[in-house]
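These notes concern the structure reproduced below.
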Amino acid sequence: MIKIIRPHSYQKREKKFFKKHPELINQYTKALKLLSLNLNHPSLRLHEIKQKSCHSISINMQHRVLLTLKFLDNGTVILIDVGDHDIYK
């Protein structure tokens, strides 16, 4: 199982995101659960964002979670940001 770290800075962004999009909480929860179980699950659409030196997974076709992948002993994922495609800028 992959360890997911949600730093305080991410938690603040996450809270703001869910105030705007409460309807996405279930999809978000499912995406993070899949991430912790299988990093390469096809529905996550994991891909590298080269200009940000990080990776992204999909919550749905419009919204994403930016993350950094750090593979230590069992693998660790640090969440960076959550939002729509504008978070890539």
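Do you know the relative contact order of the chain, to the nearest whole percent, from alpha carbon pairs under 8 angstrom that are 6+ apart? Taking the mean separation of contacting Cα pairs over the length of the chain, I get 33 percent. If I fit a long axis through the Cα atoms of helix 25-37 and take the longest principal axis of the Cα atoms of the chain, what angle between them do I get, 0 to 90°, rounded to 10? For helix 25-37, the angle is close to 0 degrees. Please give the helix 8-20 orientation as an angle from the longest Cα principal axis of the chain, in degrees from 0 to 90, rounded to the nearest 10. Tilt of helix 8-20: around 40 degrees. Full-extension gain between residue 76 and residue 40, please, as 0.36 nm times their residue separation minus the C-alpha to C-alpha distance. Extra length available between residue 76 and residue 40 comes to 11.6 nm. What shape does the chain take by its C-alpha gyration tensor, where a ≥ b ≥ c are the square roots of the eigenvalues and a/c under 1.5 counts as rounded, a/b above b/c as prolate, and the rest as oblate? Rounded is the answer for the chain, as its axis ratio a/c remains below 1.5. Database remark: amide H of residue 59 closer than 5 angstrom to the amide H of 64, 65 (H placed geometrically; neighbours at sequence offset of 5 or more, or on other chains; Pro and chain starts carry no H). For the chain, the dipole from Cβ point charges (+1 on Lys and Arg, -1 on Asp and Glu) about the Cα centre works out to 240 debye, to the nearest 20.
Each value in this text was obtained by applying a stated rule to the coordinates, not by laboratory testing. This is a predicted model, so every value here is computed, not measured. Note that we place each Cβ from the backbone using ideal geometry, even for glycine, and neighbour counts take in every protein chain shown.
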